[in-house]
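Peer 1: This structure is in structure tokens; I'll ask about it shortly.
The values are calculated or read from the model by the stated rules, or taken from the named source; none is laboratory data. Everything numeric in this text was worked out from a predicted model, so none of it was measured. As a convention, Cβ positions derive from the backbone with ideal geometry for all residues, glycine included, and neighbour counts pool all protein chains shown. Quick note on the areas: whole protein, heavy atoms, side chains included, nothing else; ligands and nucleic acids left out. Shrake-Rupley method; radii C 1.70, N 1.55, O 1.52, S 1.80 Å.
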Amino acid sequence: MRPLRSLATAMLKGYFRDRMALFFSIIFPLMFLVLFGGIFTDDGASKADVIQIGHVAILDDAPKEAKAAYAKSLGIHKSTDEAAALRKVKKGDADALITQKGDTLVLHFSRADPVKAAELQGQFQAIVQAANIAVTGQPPKFNVTTQQVEDESLSAIQFYTPSLLGWAIAAGATFGAAANLVVWRKNGLLRRLRLAPVRTSSVVLARVAVSLAIALMQAAIFIGIGKAFFGLQLTGWWPMIIPLLVAGTLAFMSIGLFAGAISKTEEAAIGISNFVVLPMAFLSGSFFSLDGAPGWIATVGKLLPLKHLNEGMLDTMVRGDGPSSAVMPIVFLLGFAVVVTAIASRFFRWDD
Amino acid sequence: MGVEIRAEGLVMTYGDTRAVDGVSFTVASGEFFGLLGPNGAGKTTTLEMIEGLRKPQAGTVRIDQYEPWKREPALQRRMGVQLQASSFFERLTAREQLDTFGSLYGVAAGRTDEMLEEVGLVDKADVRTEDLSGGQKQRLSIACALIHDPDVVFLDEPTAALDPQARRNLWDVLRTMNDSGRTVVLTTHYMDEAEVLCDRVAIMDAGKILELDTPAALVRGLDAPVRISLAPGTITVETAREIAGGDPVVDEESALTITTREPSRVLTQLANRDALDGLSVKGASLEDVFLELTGREYRA
């Protein structure tokens, strides 16, 4: 026990004194969390900027409740200079221009942002239809209510905390294992430890313990900051992320072990780790949701450990699923770790 | 204290090259033994087989009753190693390195201060190894090898890449190492180092041991002439030739040198002519033995 503990202590001290490692495993992913958590605070939809020229009866004379409803999505400014307003729309400084010619509402828009253009057209159609029905004095016969399929609480921070945490853990565990292996092989410490009365398993377990400690620390910091500043809400079974993190860390360590085993220098090991971790983070939806992505991306994602870790953490941490939803990801991650470690061990050398 | 090492017929081949080609020797308990040879002679590979990092392809090594390649903890606890590179944990201080290595061997914490004292690094105890000088790093790595008070110590080129002051400083540490009856095996390519430190020396080249004896016996065995150098202008070249008899005389700008096997006759005659000012006499050194055995041509 004592050799294991002192090796782990030595590694952990080395990690905390390595400013670069600290930055890239904690500060850098946190910067993304703050950035994304701040940008996408209200689900991305921002108000459309509409310029109104002259009197528009439908808007100006609308009842109070109706005004409040469209004020949520429309920001209307009045102006008298139609030519200047049109130029603004053309340049993209405003989203649309609205005037009334007789009983016809005229909407000028730019196709530069097709989504917003379609939204605006739909919205004004709806306002006009509602006004038409109101004129008849009859209650509308058909009504529609809408319901989002996703959990409505899955706001930006709910999605980004588990997803970016997954990326941070992947980077930390992969780089840690890769750099550790190459540096110790190059400086002869691996050989030195071989000649000490220490079992190889103790050395490996010490590294695993250190990587796990780092992963748990990353999770605590992410969840703490998410809760304290961005209103992150954890759902019932969130402690299931702990076994998920353990399995994920082992899977990413195996990638790092492979990178370290085939690299001659520390630079090469870090390069290979980057080459694996960054595309994996994109394809696993760490930086943005892949719900609308083409099918082949989902297929590739199924092979990536980070995708399974992210899904498992999303399910248990913010989607409110039961603990069983973590089982399959854990099984996949452990299987991945076993296979990749076996491959890495074929390339492993004690010295250069 | 001290162990006996017996190596017999060691062979290690890498591809087509026989790095070690039938090496046999024994090291007695308490002996300071040197493996000497140019780069690529096979010293390090030989040492690695003795330490147990490599299993010999042929031949046997015994350290007392142990076969080192089996890496038995019972032997490893009695064995100290200092490898060619400075093998440290990253970003730890000198004290933390010693504490960590100590705990691998189950050593009590108080040992660290003793070792820092012994290698003169007390004032560097809290400096990270990355910030130590080359000589300080080597002293620390020797302290790490001695932390568990081993019965046998292996040192692989401990003074490589050190400046002359740092080397001599390190010799002071090394010289006392087998005072307590410890067995020490050292590889080096510095002749002066082997001459100062080692009880016996094996000169290796191309994977074979060429000579094995005490440094003094090796030098005597060379039966090399003595070089007597005089400051220029002390006597004329003609006088020198007359004194030298048939022995060669070389007249250079810096000195006039007579190479002779009868130094007493030559020196007496020089004394008679009152020509001893600025005179120097040089016998053969281990370096001459080494060059005699391994050849003088430069090998890249």
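Peer 1: Please specify each residue of segment B:100-111 satisfying the condition of being more than 7 Å from chain A (Cβ to nearest Cβ) and buried (at least 18 other Cβ atoms within 10 Å of the Cβ).
Peer 2: B:101, B:102, B:107, B:111, listed by residue number.
Peer 1: Identify the residue in segment B:72-83 that is surrounded by fewer than 20 Cβ atoms within 10 Å (Cβ to Cβ) and facing chain A (nearest Cβ under 7 Å) and, among all such residues, is nearest to the chain's Cα centre (by Cα).
Peer 2: Ranking the candidates gives B:77 first.
Peer 1: Another question about this same structure. Among the listed residues A:269, A:228, identify the single one that is assigned by TED's automatic domain parsing to the domain that holds residue A:166, small (Gly, Ala, Ser) and buried (at least 17 other Cβ atoms within 10 Å of the Cβ). Walk me through it before giving the result.
Peer 2: Numbers: A:228 fails: buried (at least 17 other Cβ atoms within 10 Å of the Cβ).
Going through A:269, A:228 in turn, the sole match is A:269.
Peer 1: Taking residue B:36, is it surrounded by 21 or more Cβ atoms within 10 Å (Cβ to Cβ), aliphatic (A, V, I, L, M) and closer than 25 Å to residue B:218 by Cβ? Even if it seems obvious, please write down each step before you answer.
Peer 2: Details: surrounded by 21 or more Cβ atoms within 10 Å (Cβ to Cβ): yes; aliphatic (A, V, I, L, M): yes; closer than 25 Å to residue B:218 by Cβ: yes.
Answer is yes for this residue.
Peer 1: Still on this structure, I have one more. Inside segment B:197-226, can you point out the residues that are buried (at least 16 other Cβ atoms within 10 Å of the Cβ) and out of contact with any Asp or Glu (no Cβ under 8 Å at 6 or more places or on another chain)?
Peer 2: Correct list: B:197, B:198, B:204, B:205, B:209, B:210, B:211, B:212, B:226.
Peer 1: Are there strands (runs of 3 or more DSSP E) fully within segment B:1-79 with at least 2 residues that are of a type in the set (Val, Ile, Thr) and either over 27 Å from residue B:146 (Cα atoms) or touching a residue at least 12 places away in the same chain (Cβ under 8 Å) (or both)? List them.
Peer 2: Values: elements: B:5-14, B:17-27, B:32-36, B:58-63.
Correct list: B:5-14, B:17-27, B:58-63.
Peer 1: Check whether at least one residue in segment A:141-155 is surrounded by 13 or more Cβ atoms within 10 Å (Cβ to Cβ), among the aliphatic types (A, V, I, L, M) and away from chain B (no Cβ under 14 Å), and report yes or no.
Peer 2: The answer is yes; a qualifying residue exists.
Peer 1: Considering segment A:50-70 alone, what residues qualify as being within 40 Å of the chain's Cα centre (by Cα) and over 17 Å from residue A:122 (Cβ atoms)? Give the derivation first.
Peer 2: In the first step, residues of segment A:50-70 are kept if they are within 40 Å of the chain's Cα centre (by Cα); the result is A:50-52, A:59, A:64-70.
Answer for segment A:50-70, where residues must be within 40 Å of the chain's Cα centre (by Cα) and over 17 Å from residue A:122 (Cβ atoms): A:51, A:52, A:64, A:65, A:67, A:68.
Peer 1: In addition: Kindly evaluate residue B:169 against the criterion of being surrounded by 16 or more Cβ atoms within 10 Å (Cβ to Cβ), part of a helix (DSSP H, G or I) and more than 14 Å from chain A (Cβ to nearest Cβ).
Peer 2: Values: surrounded by 16 or more Cβ atoms within 10 Å (Cβ to Cβ): yes; part of a helix (DSSP H, G or I): yes; more than 14 Å from chain A (Cβ to nearest Cβ): yes.
Yes.
Peer 1: If you take the residues in segment A:188-204 that are within 14 Å of chain B (Cβ to nearest Cβ) and surrounded by fewer than 17 Cβ atoms within 10 Å (Cβ to Cβ), which one is nearest to residue A:349 (Cα to Cα)? It would help to see each step written out before you state the result.
Peer 2: Taking segment A:188-204 and keeping what is within 14 Å of chain B (Cβ to nearest Cβ), we get A:188-203.
Still in the running and surrounded by fewer than 17 Cβ atoms within 10 Å (Cβ to Cβ): A:199-201.
Working: A:199: 16, A:200: 13, A:201: 16 Å.
Only one residue tops the list, namely A:200.
Peer 1: Do we find a residue being free of Cβ contacts under 8 Å to residues at least 24 places away in the same chain and not in a helix (DSSP H, G or I) anywhere in segment A:277-289?
Peer 2: Yes, some residue in segment A:277-289 is free of Cβ contacts under 8 Å to residues at least 24 places away in the same chain and not in a helix (DSSP H, G or I).
Peer 1: Looking at residue B:114 and the list (1) at pLDDT 95 or above; (2) more than 9 Å from every other protein chain (Cβ to nearest Cβ); (3) in a helix (DSSP H, G or I), which single condition is not satisfied?
Peer 2: Of the numbered conditions (1) at pLDDT 95 or above; (2) more than 9 Å from every other protein chain (Cβ to nearest Cβ); (3) in a helix (DSSP H, G or I), the odd one out for residue B:114 is (1).
Peer 1: Hey, residue B:257 hits all of (1) assigned to a helix (DSSP H, G or I); (2) open to solvent by less than 40 Å² (accessible area, probe 1.4 Å) but one; which does it fall short on?
Peer 2: (1)
Peer 1: Do the conditions hold for residue A:6, that is, is it within 14 Å of chain B (Cβ to nearest Cβ), part of a helix (DSSP H, G or I) and either modelled with pLDDT of 90 or more or open to solvent by 40 Å² or more (accessible area, probe 1.4 Å) (or both)? Break it down stepwise before answering.
Peer 2: Values: within 14 Å of chain B (Cβ to nearest Cβ): yes; part of a helix (DSSP H, G or I): yes; either modelled with pLDDT of 90 or more or open to solvent by 40 Å² or more (accessible area, probe 1.4 Å) (or both): yes.
So residue A:6 passes the test.
Peer 1: Go through (1) modelled with pLDDT of 95 or more; (2) more than 11 Å from chain A (Cβ to nearest Cβ); (3) open to solvent by 10 Å² or more (accessible area, probe 1.4 Å); (4) farther than 27 Å from residue B:189 by Cα for residue B:94 and report which single condition fails.
Peer 2: Just one mismatch for residue B:94, condition (3).
Peer 1: When the residues of segment B:175-196 are filtered to those that are over 23 Å from residue B:64 (Cα atoms) and of a type in the set (A, V, I, L, M, F, W, C), which remaining residue is most open to solvent (accessible area, probe 1.4 Å)?
Peer 2: The residue in question is B:196.
Peer 1: Another question, then. For residues that are in a helix (DSSP H, G or I), under 18 Å from residue A:169 (Cβ atoms) and either more than 10 Å from chain B (Cβ to nearest Cβ) or free of Cβ contacts under 8 Å to residues at least 60 places away in the same chain (or both), tally how many sit in segment A:9-20. Spell out how you get there, then give the answer.
Peer 2: As a first pass, look at segment A:9-20 and keep what is in a helix (DSSP H, G or I): A:9-16, A:19-20.
Of the ones still in play, those that are also under 18 Å from residue A:169 (Cβ atoms) are A:11-12, A:15-16, A:20.
Next cut, either more than 10 Å from chain B (Cβ to nearest Cβ) or free of Cβ contacts under 8 Å to residues at least 60 places away in the same chain (or both) only: A:12, A:16, A:20.
Counting residues in segment A:9-20 that are in a helix (DSSP H, G or I), under 18 Å from residue A:169 (Cβ atoms) and either more than 10 Å from chain B (Cβ to nearest Cβ) or free of Cβ contacts under 8 Å to residues at least 60 places away in the same chain (or both) gives 3.
Peer 1: A follow-up question, please. Identify, from the list A:342, A:326, the residue that is assigned to a helix (DSSP H, G or I), open to solvent by less than 30 Å² (accessible area, probe 1.4 Å) and small (Gly, Ala, Ser). Working first, answer last.
Peer 2: Values: A:342 fails: open to solvent by less than 30 Å² (accessible area, probe 1.4 Å).
Matching residue, one of A:342, A:326: A:326.
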